[in-house]
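Here is the structure we will look at, set down as structure tokens.
FYI, it's all coordinate maths here, none of it is from the lab. In this text, all values refer to a predicted model and were calculated from it rather than measured experimentally. Backbone-built Cβ (ideal geometry, glycine too); neighbour counts: all protein chains shown.
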């Protein structure tokens, strides 16, 4: 931003580091009968990275929406640089210098990166868009966020999801934001990309931007945050300097209780394996994979992104064909050629990306749970048994502690963790012989994570053979009866319960830059 | 830094003037798409083939009516392009043509309305009907196809009421300026075609180079994201339908001008489909977010070439439906392939 030809007024030096930039007091918002937030208080300072944490449904999203103008508060006060302000539209927020990067990239696929960055705030000359000026500015921004300058004129549809996320940040920065809200920016990024992100965040903070950082990866907070505000059940519990907190303390504040650390003892019944992968290979993806899962056992394939672990899961579920090797189910070789075929064999899948796969977001919870199990819930295979559908849904809502007023609520109105539980519920309607979970708790908060683990464990106890593919190491260690490391497309070392993170990581190799977990 | 730090629209700081033309370079995708080039090639090939097959094709008596016939379709198509770019559609334009045409025809017959009055009247009525569509679609949040399907029937009812079960006869030649006769041409080029080209050029510039135009693409790409970026989505969407109404009003004058002195209640029938066909053949994605006016004008030209060609060759006229149908399917197929290719990369 120091270049002379910058198109923006030079950012003022942080006038008074730590000065109050944005403050909310007593803010409340209700949606119908649901009180999304009540009496929320938060003060964000210039040049500070302020983390906002809480379980899904705790009210973080609503608070962010209020600050970014996507929703308006029912009561309460917002002050910006000491002045009371009224944010009634996204345009108001942008005009104040409050920029938001949403979790899902909010981009236009057919427009170029430069156009995306400037949509809604085009630089114009005599009524026409000044492409040259926009491009020059975008090139600076691309450098700042670590993308090649030539991307300026590339349509966004040609970039990867991670690159799109970075473009979203560039988009937020173009207005010389004074407050930058990052809503789970790291959820879809790899470790290397997260490092780049942190670099950008630090640089921005050092120029005096106040940053509100939302994340479910709590260990990140200790790398990047200066202060932490914790929300629970729609209320802000308070704000602490990061030095006064630990991951454990944050989790306790979020869930409102003391965390149970030791996973319940779980013995696997001695039985012949239910699912066996024998020398399974898929050209270009993985090779010579050997895995055996007994009924009631939870086996985890731990591998970093690109290790081939995800592709192995897809093969079991019939989304990908193996080129050699065998899959045995109860001793019989199977070759599911489609998810439908896999399901008929009794194999259920919890897909990795719940936003893209597996959910009908505008349909009700009941619909989503029963989709795929229509024969079971219909009479004589024809008309739907609506009463039974609702009953099953209610049953699952209770069993999974999904937070929702009723089973007719559309999934689109639910938080991420709750949506994930609905996907899980759907697969559990017909107690599957084998359950395959891919990244089951990605982007899910700690509380929901615990619940999902609990559900998976209780399913295993009922005799399901569970195969989990994850790149979340603590999760892999916590939940598995056995853990197999996938590296460079093949299964390598195996660990029992209680393995140390260091050992597993060493086996997975390539995880050299693992941040010191607090 | 106490005031807004947003880049002021319209006023780029002085530092930008330093950019040389060279630096400016190509900052948008190439101004002409592959599909448009293919269209030009196909049209040229058809014209060459037709010229060889029937010597009468490349004569004034054949080309002028072709241009006059395509002008109203292309004009409506320009508005339709803008609408489809936002992810909408308007199937009520035939109804708008009908209402505008009958009102204007009656005004000329009964009150001897002059050319400017007739055109102004038609454009204003078209704009008002477009406003009805726009308000319902932008603020009613129901999909455009349902709304305009409803209003299409209302407009048709309105038009039939105005016709009163009979034709409008003895229409004076007030609109001959837009007709295919000598009065409708300058240097041999039909005025209606020229006006259409001018409007197409303006629309092309607007869509490609102004913030408002780019916002239309943004809305078609992701309306929620556009709203969050501060785009006035509802107002933009509404204005697309108003624009189409205005252009359809003008097109109604062209339709009267190219016809006889009698206006029958079937006026405008099928024009919504002809306009949508031109837009789709022109490469505008029916999913929204991508498209161009140039493609639409070429699409309209191709459709009219096929229709005229079939007539001139003395083939059965239903063959033109066959050819146009094939062109539409090819265009939609190309769009689908593009979307799929994008998803897999």
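Observations
- Fraction of alpha-carbon pairs over 16 Å apart in the stretch A:193-252 - percent: 46 percent
- Over the stretch B:165-276, the ratio between the Cα radius of gyration and 2.2 N^0.38 Å evaluates to 1.39.
- With a 10 Å cut-off around each Cβ of B:208-221, the average count of Cβ atoms from other chains is 5.
- With contacts taken as Cα pairs under 8 Å at a separation of at least 6 residues, the stretch B:60-269 carries a relative contact order of 44 percent.
- In plain terms, the residue of B:98, B:287, A:319 with the fewest other Cβ atoms within 10 Å comes first and the most crowded comes last, giving B:287, A:319, B:98.
- Over the stretch A:195-328, the hull volume per residue, using the convex hull of the C-alpha atoms, is 180 Å³.
- Each distinct pair of alpha carbons in the stretch A:51-93 adds a 1/r term; the inverse of their mean, the Kirkwood radius, is 11.1 Å.
- Exposure proxy shown here: for A:63, A:189, the number of other Cβ atoms within 10 Å sets the order, fewest to most, as A:189, A:63.
- Pairwise label distance in nanometres, residue A:246 with residue B:311, each label 7 Å out on the Cα-Cβ vector: 8.7 nm
- Per-residue packing, averaged as other Cβ atoms within 10 Å, sorts the ranges A:119-128, A:68-77 into the order A:119-128, A:68-77, beginning with the highest.
- Here is how the number arises for chain B: DSSP H runs of 4 or more residues each give -39500 (n - 2.57), the sum is divided by the residue count, and the result at 222 nm is -23000 deg cm²/dmol.
- Using alpha-carbon coordinates, inclination of helix B:233-258 to the longest axis of chain B, degrees: 20 degrees
- The coefficient of translational diffusion for the stretch B:60-269, derived via Stokes-Einstein from the alpha carbon Kirkwood radius under 25 °C and 0.890 mPa s, stands at 141 µm²/s.
- With coordinates expressed along the principal axes, the C-alpha atoms belonging to the stretch B:47-128 extend over 46, 40, 18 Å, beginning with the largest.
- Shape parameters for the stretch B:68-111, alpha-carbon atoms, Rg then Dmax in Å: 13.2, 41
- Listed peptides A:46-53, A:337-344 by packing density, highest first (mean Cβ within 10 Å): A:46-53, A:337-344
- Cβ neighbours within 10 Å from other chains - mean over A:148-154: 1
- Shielding by partners for peptide A:68-75, expressed as the average number of C-beta atoms from other protein chains within 10 Å of each residue's C-beta, is 1.
- Rounded to the nearest 10 degrees, the inclination of helix B:211-221 to the longest alpha-carbon principal axis of chain B is 90 degrees.
- Each of B:209, B:143 has some number of other Cβ atoms within 10 Å of its Cβ, and from fewest to most they run B:143, B:209.
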